[in-house]
């Protein structure tokens, strides 16, 4: 029988492996939660934040590429796929938050407690590969945004992304709450840009509503199915499951059963609201592509740069293209912060290897910059878009190695006690996991 998890393990070393410190130890339990009844809104405010850091991964440049392709090629039809994949993500992120709150361990530490050294080293390396792939998408997206806004060549834009380590230094120095505020501010910028874009594009409201209803032709049309799989594959990000289970522990909640139950409730509300914002952004990108491109006969807009160049003439407003690029730049910078945090969490959780945030950032970003510079220099914009697609395939490969342990751990009554997934939740979680894994494997097969 697998060993139980205990919320005191990190503090007293009662696991089958020693844990000297918590992951992100400088921020662990650093944010006070109000105590007592009748303080719903204050408690919700105290728990608000981690969900928005997680939401960043659901609107990164990889999502942009698939949403643009789906909207331009098939209009509003694939809106239902974005809705369904977002609901799947909400379920998995709720499980991730529950694991962290109940056990006092993040997903990486839980894997370390449960698996043999060779297995956890393999899991760690796979997760590091996924984080580099995610960072690669951020590098490409930021470089494209810099080129669109300021005319900076792609190669130099890629190189400039290496200096965002200074951003990490400033944010981490000022505390976790300030870091969350920065992320939320950029998310507001992204959402605001797309709200204006939607107003300019004047989409067909009835067609948008119809697109939210699943259509059988998504499964029967091979081209539509391929993009649908890509949307789902780009939506659920494996590193987010590690990230969320750690950063929910920045809250100083009561570690009694009642306190944990309340913390799980508020963390779930936080992530659901934040992922609803991500749903809006992804839907807005697809709706924008459908109304600005598909309805005007432009049915093969897959590149971010191509979308930028077409927006102004299609919508008759130069600001449309600028807002699009500003949102892309904000998305890239947001993802920079969360990828660094996720990298620290998996490194500390799996192998207890610790380094300053700036050093961690330089390692990950260097591994992402090298192929990005080479491809941008040799093949230009078309090559960087293919590299962006490749990064999403790499993420798909790693996904089962994060989802399966998460569902397994949260369904285990020995490890989770009264908080273990009930029969309905367990069946839903395994069903969602199986579907996501199958679709990602299909995407990988088609790519190969």
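The values are calculated or read from the model by the stated rules, or taken from the named source; none is laboratory data. The model shown is predicted, which means the values in this text are computed figures rather than measured ones. Here the Cβ positions follow ideal geometry from the backbone for every residue, glycine too, while neighbour counts run over all protein chains shown.
Every residue, every condition in (1) without any contact (Cβ under 8 Å) to a residue 24 or more places away in the chain; (2) touching a helix residue (DSSP H, G or I) at 6+ places or on another chain (Cβ under 9 Å); (3) within 29 Å of residue 435 (Cβ to Cβ); (4) in a helix (DSSP H, G or I), yes or no:
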position	(1), (2), (3), (4)
200	no, yes, no, yes
210	no, yes, yes, yes
225	yes, yes, yes, yes
262	no, yes, no, yes
268	no, yes, yes, yes
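Residues that are outside any helix (DSSP H, G or I), under 21 Å from residue 39 (Cβ atoms) and out of contact with any strand residue (DSSP E or B) (no Cβ under 6 Å at 6 or more places or on another chain) within region 235-260 comprise 253, 254, 255, 256, listed in sequence order. Is it the case that region 83-105 has a residue that's in contact with a helix residue (DSSP H, G or I) (Cβ under 8 Å, 6 or more places away or on another chain), closer than 20 Å to residue 346 by Cβ, at pLDDT 90 or above and not in a helix (DSSP H, G or I)? Yes: region 83-105 contains one or more residues that are in contact with a helix residue (DSSP H, G or I) (Cβ under 8 Å, 6 or more places away or on another chain), closer than 20 Å to residue 346 by Cβ, at pLDDT 90 or above and not in a helix (DSSP H, G or I). Quick check: anything in region 165-180 assigned to a helix (DSSP H, G or I), under 17 Å from residue 65 (Cα atoms) and touching a helix residue (DSSP H, G or I) at 6+ places or on another chain (Cβ under 9 Å)? Among the residues of region 165-180, not one is assigned to a helix (DSSP H, G or I), under 17 Å from residue 65 (Cα atoms) and touching a helix residue (DSSP H, G or I) at 6+ places or on another chain (Cβ under 9 Å), which makes the answer no. The numbered conditions (1) surrounded by 14 or more Cβ atoms within 10 Å (Cβ to Cβ); (2) within 23 Å of residue 280 (Cβ to Cβ); (3) in contact with a helix residue (DSSP H, G or I) (Cβ under 7 Å, 6 or more places away or on another chain) are all true for residue 253 except (2). Only one of the numbered conditions (1) surrounded by 15 or more Cβ atoms within 10 Å (Cβ to Cβ); (2) within 18 Å of residue 328 (Cβ to Cβ) is not met by residue 185, and that is (1). Of all the listed residues (201, 246, 271), the sole one being surrounded by 19 or more Cβ atoms within 10 Å (Cβ to Cβ) and more than 24 Å from the chain's Cα centre (by Cα) is 201. Can residue 53 be described as modelled with pLDDT of 75 or more, in a helix (DSSP H, G or I) and surrounded by fewer than 19 Cβ atoms within 10 Å (Cβ to Cβ)? No; evaluated as a whole, the condition is false for this residue.
Scanning region 106-141 for residues that are crowded, with 24+ Cβ neighbours inside 10 Å, modelled with pLDDT of 90 or more and assigned to a helix (DSSP H, G or I) turns up 107, 108, 109, 110, 111, 112. In the condition set (1) surrounded by fewer than 19 Cβ atoms within 10 Å (Cβ to Cβ); (2) in contact with a helix residue (DSSP H, G or I) (Cβ under 8 Å, 6 or more places away or on another chain); (3) part of a helix (DSSP H, G or I); (4) at pLDDT below 85, residue 313 is compliant with all but (2). The combined condition, being at pLDDT 80 or above and more than 30 Å from residue 228 (Cβ to Cβ), is fulfilled by residue 47.
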